[in-house]
1. With the checklist (1) surrounded by fewer than 23 Cβ atoms within 10 Å (Cβ to Cβ); (2) at pLDDT below 90 in hand, flag the one item Val494 doesn't pass.
2. Would you please name the residue that is farthest from Glu101 (Cα to Cα), looking only at residues in the range 129-167 that are assigned to a strand (DSSP E or B) and open to solvent by less than 20 Å² (accessible area, probe 1.4 Å)?
3. Given the criteria in contact with a strand residue (DSSP E or B) (Cβ under 8 Å, 6 or more places away or on another chain) and either modelled with pLDDT of 95 or more or of a type in the set (A, V, I, L, M, F, W, C) (or both), does Glu481 qualify?
4. Please go through the range 689-715 and give me each residue that is small (Gly, Ala, Ser), more than 30 Å from Val245 (Cα to Cα) and not in a loop (DSSP other than H, G, I, E, B), ordered by number.
5. Among residues belonging to the range 69-91 that are open to solvent by 10 Å² or more (accessible area, probe 1.4 Å) and without any contact (Cβ under 8 Å) to a residue 40 or more places away in the chain, point out the one that is farthest from Trp47 (Cα to Cα).
6. Among the residues of the range 220-241, how many are in a strand (DSSP E or B), without any contact (Cβ under 8 Å) to a residue 60 or more places away in the chain and under 29 Å from Gly295 (Cβ atoms)?
7. Can you find a residue in the range 703-725 that is without any contact (Cβ under 8 Å) to a residue 12 or more places away in the chain, over 25 Å from Val605 (Cβ atoms) and among the hydrophobic types (A, V, I, L, M, F, W, C)?
8. Could you list all residues from the range 599-623 that are among the hydroxyl-bearing types (Ser, Thr, Tyr) and surrounded by 23 or more Cβ atoms within 10 Å (Cβ to Cβ)?
Amino acid sequence: MRPPPGTVRELADGWRAAAADDVLRRSYTERDLDDTAWHPVRVPGHWRSTPAFAASDGPLLYRCRFEAPAPPPGRRSWVTFDGLFYQGDAWLDGGYLGDTEGYFLPHSFEVTEALRAAGEHLLAVEVACPPQHGDGPRRNLTGILQGGDLGDPTGNPGGIWRPVRVHETGPVRIASLRLLCTDADPERAVLVVRAVLDSDRPRRVRLRTEVGPVDHEADQPLAAGSNEVRWTVVVDRPTLWWPHVLGDAVLHDVRVAVLLAGDGPGGPSPAGAGSPAPVADEPGAVSDERRLRTGLRSVRLRGWVASVNGERLFLKGTNLGPTRLSLGESTADELRRDVDLAADLGLDLVRVHAHVTRHEVYDRADERGVLVWQDMPLQGPFARTVRRQAVRQARALVDLLGHHPAVVLWCGHDEPGPAPAGRHVPPPGSGSAGPGDGPDGERRRPRAGEAGSRLHRAVGQALPTWNRSVLDASIAHALHEADGSRPVVAHSGVPPHLPQLDGTDQHLYVGWTAGDERRLATVARRLPRLVRFVSEFGAQAVPTGAGAAFAEPGRWPDLDWDRLERVHALQRAVLERHVPASDAGSFDDWRTATQRHQATVVRRVAEELRRLKYRPTGGFAQFLLADAAPGITWALLDHERRPKAGYEALRAACRPVIVVADRLPPTVVPGDALALDVHVVSDRRVIVEPAQVTATLAWHGGRHVWRWAGAVEADACVRVGTVQAVVPPDAAAGGHEVTLDLELVLPDGETLTNRDAATVAWGPRPRGPA
């Protein structure tokens with residue numbers, strides 16, 4: 001959203017900061033305080049990027065001197081903080097402006113009289129971002145940006161991380177604006193607008209809304225102070241916005257303006273004696289306006305199957321973490337690039353995981369037609385004191401992002417507890433892997449002997465908790481009340497439990513913390529509700545080339561394992577189950593093995609979920625696209641966007657048409673009977689005909705070949721046949737593999753392949769991974 005009209009000045013220079021203490025707090029707001037010994041600090045920025053505060057958890061005191069002209073008669077002046085991480089108290093020229101909370105929200109304060117009183121000014125702000133690591137419940141709504149598992153958990157993003165502006169409006173200011181497309185089809189689209197207008201006195205205004213060729217106007221009486229106003233704009237025969245796999249992502253420029261009615265001064269001066277008398281309004285003058293871009297579309301989610309403009313769509317996606325952990329220091333190109341990388345993989349969806357990112361990501365998603373699942377910045381258990389603030393920020397999030405057509409789903413809370421069996425593996429003795437939330441929303445330490453109890457975890461899921469039952473319900477209600485046009489998920493990663501038998505989306509780390517990835521097919525058969533939408537899956541892998549320099553490869557095998565676990569997200573115990581370091585002769589061998597394992601997990605899980613298309617799976621989102629900092633993580637791209645093998649594996653699994661079969665077991669023995677169903681999955685919106693499939697089962701010294709041909713319906717998964725064979729006695733000669741090669745030839749001649757393999761052994765079949 002563009003800044004308001006009128007004189008705008010960004011306060012980017014001259015900022016100084018010092019660590020807060022009780023002495024400085026009493027004087028830092030005074031103009032004549034000598035701050036020459038304070039440290040220069042960048043705004044916008046994060047304080048840890050300044051060497052003097054590189055290890056600081058704050059609070060910090062900020063000061064900035066600036067000059068600004070007095071606003072003309074009939075105009076009002078404001079100071080706006082586009083983003084303070086995480087709480088702030090602001091003062092201007094020794095007068096208190098107010099407090100802020102919420103890192104992604106803009107906060108504005110009127111400074112009209114202060115700017116009229118002098119030409120030189122001092123803006124002083126105390127900024128606090130208390131640490132959120134440790135065993136207790138969280139209180140900062142900062143999500144994965146603080147205390148998360150994608151980098152150093154002791155990091156701190158505190159600071160004035162977005163621009164600070166001094167700007168003017170007329171006598172009526174648009175304090176907030178919410179624009180929602182509540183319905184759209186080829187005949188008409190409906191836009192609902194909600195604005196909070198701050199008026200200097202009782203008056204009448206004219207509200208103008210321009211959407212392309214549509215010019216909608218309405219008269220509106222206002223009281224002095226804050227006024228909530230709602231209106232509807234109908235666009236006939238609209239050009240709709242579509243996800244890139246269904247059509248063109250057409251965007252429309254929208255202008256909402258408040259026009260003065262020219263009703264004369266009237267009424268007393270709002271500031272009392274000594275303030276200039278109100279001047280007569282100039283009829284038709286623009287008091288304030290907002291300009292933004294939107295798309296006209298409708299979205300639905302039924303049984304975890306999404307539709308856009310009435311067209312059903314199987315969602316193939318990934319999770320977007322922050323581009324950098326110091327999100328304010330990401331460049332606009334870096335932010336847009338992450339969306340482009342997802343689109344270039346053939347993905348339809350990005351989940352902005354447990355944080356709110358910068359506007360460049362949402363703008364780019366709108367332009368590229370990539371759908372966005374938007375999380376609130378809540379992850380893990382929270383204290384009871386956050387409920388009111390979380391509800392307030394949920395409503396403000398809709399104001400901030402509601403006009404983006406790419407945003408198709410709101411999610412209130414990621415993994416609220418009890419501790420998930422997914423990617424989070426707490427250190428021994430931390431207590432954060434407890435089976436349930438305590439009475440105050442805290443994650444309770446397990447008693448002796450119960451940490452590994454499946455029964456106890458099941459009981460913990462069934463019992464109500466304050467986070468799931470109260471906090472998340474309140475957030476979901478606020479989101480739905482603010483925006484009834486989009487689906488709302490109260491929380492993510494909550495398995496079926498009483499009384500919520502359906503559960504929500506799932507985090508299924510088969511191939512990582514949950515044994516072999518081949519388990520997914522069994523899980524899907526036994527508990528189909530667990531695969532209706534899988535919003536996280538994957539495995540960790542070591543980055544490619546220079547991306548792993550932080551691990552000091554030259555020390556192999558005596559790496560600093562403790563540091564890699566503590567600072568760089570490595571879950572060594574889990575990785576050792578799948579890729580033992582002792583099996584690798586060098587660091588490069590180990591890295592290659594970890595990437596091979598990650599690629600296998602990513603591809604096979606994505607293929608299996610696509611094979612369950614709409615029966616019952618509505619889609620998936622792999623975890624994670626890219627790192628925000630150097631690490632050994634689930635990301636397919638490192639922090640410099642160098643790809644791991646899993647990147648191309650996800651691309652292969654997300655092609656519009658794939659051929660896939662039941663997995664071979666890890667090991668077979670002579671005499672085993674194999675019966676493997678072969679499927680073709682198509683996301684194309686037209687029939688694929690003819691499609692030719694060849695399956696070749698091969699072993700040492702022999703093979704069988706099957707061939708099928710036919711049509712594949714649009715947007716469908718079709719079983720084309722079954723590979724049936726018995727492993728022959730001579731297959732084990734020399735310890736060879738049995739391989740299954742699939743080939744699909746499309747009508748245009750494009751050829752797609754897929755391969756699976758099993759080791760052949762004599763004697764009893766070895767036990768697979770747990």
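The values are calculated or read from the model by the stated rules, or taken from the named source; none is laboratory data. Computed from a prediction, not measured in an experiment: that's the story for all the values here. No Cβ is skipped: glycine too gets one built from the backbone with ideal geometry, and neighbour counts run over all protein chains shown. Accessible surface is based on the protein model in full, side chains and every heavy atom, while ligands, DNA and RNA are left aside. Shrake-Rupley method; radii C 1.70, N 1.55, O 1.52, S 1.80 Å.
1. Result: Val494 fails condition (1) only.
2. His167
3. Values: in contact with a strand residue (DSSP E or B) (Cβ under 8 Å, 6 or more places away or on another chain): no; either modelled with pLDDT of 95 or more or of a type in the set (A, V, I, L, M, F, W, C) (or both): yes.
Spelling it out, it is not the case that Glu481 is in contact with a strand residue (DSSP E or B) (Cβ under 8 Å, 6 or more places away or on another chain) and either modelled with pLDDT of 95 or more or of a type in the set (A, V, I, L, M, F, W, C) (or both).
4. Result: Ala698, Gly702.
5. Applying the filter and picking the extreme gives Pro72.
6. So in the range 220-241, the residues in a strand (DSSP E or B) come out as 220-222, 225-236, 241.
Going one step further and asking which of them are without any contact (Cβ under 8 Å) to a residue 60 or more places away in the chain, we end up with 220-222, 225-234, 236.
Narrowing the set further to residues that are under 29 Å from Gly295 (Cβ atoms) leaves 220, 227-234, 236.
Going through the range 220-241 one residue at a time, the tally reaches 10.
7. Within the range 703-725, the subset without any contact (Cβ under 8 Å) to a residue 12 or more places away in the chain is 703, 705.
Keeping just the survivors that are over 25 Å from Val605 (Cβ atoms) gives 703, 705.
Those still in the list that are among the hydrophobic types (A, V, I, L, M, F, W, C) too: 705.
For the range 703-725, residues without any contact (Cβ under 8 Å) to a residue 12 or more places away in the chain, over 25 Å from Val605 (Cβ atoms) and among the hydrophobic types (A, V, I, L, M, F, W, C): present.
8. First, pick out the residues of the range 599-623 that are among the hydroxyl-bearing types (Ser, Thr, Tyr): 600, 614, 617.
Result: Thr617, single match.
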